[in-house]
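In what follows, a single structure is set out as structure tokens and then discussed.
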Amino acid sequence: MVWEDNFDRLDTARWSLEHSTYGDGNRELQCYRPENVSVGGGRLVLRAVTETYTCPNGSTRQVTSGMVRSKGVVFSPGQALEFRVKLSPADEADQGGLWPGVWSSGFGSGGWPAGGEMDYLEVMTATNPKRSIYSIHYAKADGSHGVANKPVVGAANFSAAWHTVRYEYGRDGRLTWYLDGQQVFTVTSAPTGQGYPAPFNQPVKEIKINLALGGNPGPLAPGAVGSKGATFEVDYIRVTTL
């Protein structure tokens, strides 16, 4: 074990709480509020609610949500990241537009996408509520955006159950994802401008967990947040050696 949080409490020495319209570049709808982040029952809870709220940049939004960023953790090649999560829409049958993620970006130099992005888990319910997706983003030699990803479509909505994701950050650029114990995606090469495995051989100093709303994947359905609210819960997150 290198680092873990079982969420017995909300440890602000380990997590910073977002208060912004982060995600505007993806046309997302939410303002992230610290009040939308809590811990209860041994779980981190990011809650999306319908409310009119003006964010610090002066932008008024009709929905708010929660996002945290890790502090102090270093996730390096030769280690694995594992977490257990549950997405809960307000209406299981009308949940389009929820976009939970656990991810890291900008761990290399050169900005985005040259600095790299690893999406340990994304779910875009506007695209398909049964689908989860596992990705890397990078800059190609000509500076254009490159991506390698694998969508996994289950028999039921992703939100129908708890799921465990394991990501192995192997040395020499071997990157492997597991969903509920089954290997679902492996990357061993990509045409990065720096020459692979860079930037996917750099230590990661920030892990982001968020519940985005709407944006590029598709519109937010009326029932996704509704009057009851939607949540993205994390039971635990840990970094271990391989």
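A few comments on the model shown:
- Scope segment 190-225; condition part of a loop (DSSP other than H, G, I, E, B) and under 25 Å from residue 153 (Cβ atoms); matching residues: 190, 215, 216, 217, 218, 219, 220, 221
- Unique residue being more than 19 Å from residue 236 (Cα to Cα), acidic (Asp, Glu), surrounded by fewer than 20 Cβ atoms within 10 Å (Cβ to Cβ) and without any contact (Cβ under 8 Å) to a residue 60 or more places away in the chain when the list is 142, 91: 142
- Residues that are within 30 Å of residue 242 (Cα to Cα) and buried (at least 20 other Cβ atoms within 10 Å of the Cβ), drawn from segment 43-72: 44, 45, 46, 67, 68, 70
- Summed over segment 29-87, the residues that are assigned to a loop (DSSP other than H, G, I, E, B) and without any contact (Cβ under 8 Å) to a residue 12 or more places away in the chain give a count of 2.
- Test: residue in segment 192-200 that is surrounded by fewer than 16 Cβ atoms within 10 Å (Cβ to Cβ) and of a type in the set (A, V, I, L, M): no
- The single condition from (1) assigned to a strand (DSSP E or B); (2) of a type outside the set (Lys, Arg); (3) free of Cβ contacts under 8 Å to residues at least 24 places away in the same chain; (4) more than 17 Å from residue 163 (Cα to Cα) that residue 118 fails is (3).
- Residue in segment 220-231 that is modelled with pLDDT of 95 or more, crowded, with 22+ Cβ neighbours inside 10 Å and out of contact with any Ser or Thr (no Cβ under 9 Å at 6 or more places or on another chain) present: yes
- Residue list for segment 160-216, filter: in contact with a strand residue (DSSP E or B) (Cβ under 9 Å, 6 or more places away or on another chain), on the phi > 0 side of the Ramachandran plot and among the acidic types (Asp, Glu): 180
- Note on segment 15-28: residues that are surrounded by fewer than 15 Cβ atoms within 10 Å (Cβ to Cβ) and part of a loop (DSSP other than H, G, I, E, B) amount to 1.
- Count of segment 52-87 residues which are closer than 22 Å to residue 181 by Cβ and of a type outside the set (D, E, K, R): 8
- Reported count of residues in segment 159-187, each being farther than 19 Å from residue 237 by Cα and under 16 Å from the mean Cα position of the chain (by Cα), is 0.
The values are calculated or read from the model by the stated rules, or taken from the named source; none is laboratory data. In this text, all values refer to a predicted model and were calculated from it rather than measured experimentally. All Cβ positions, glycine included, derive from the backbone under ideal geometry; neighbour counts span all protein chains shown.
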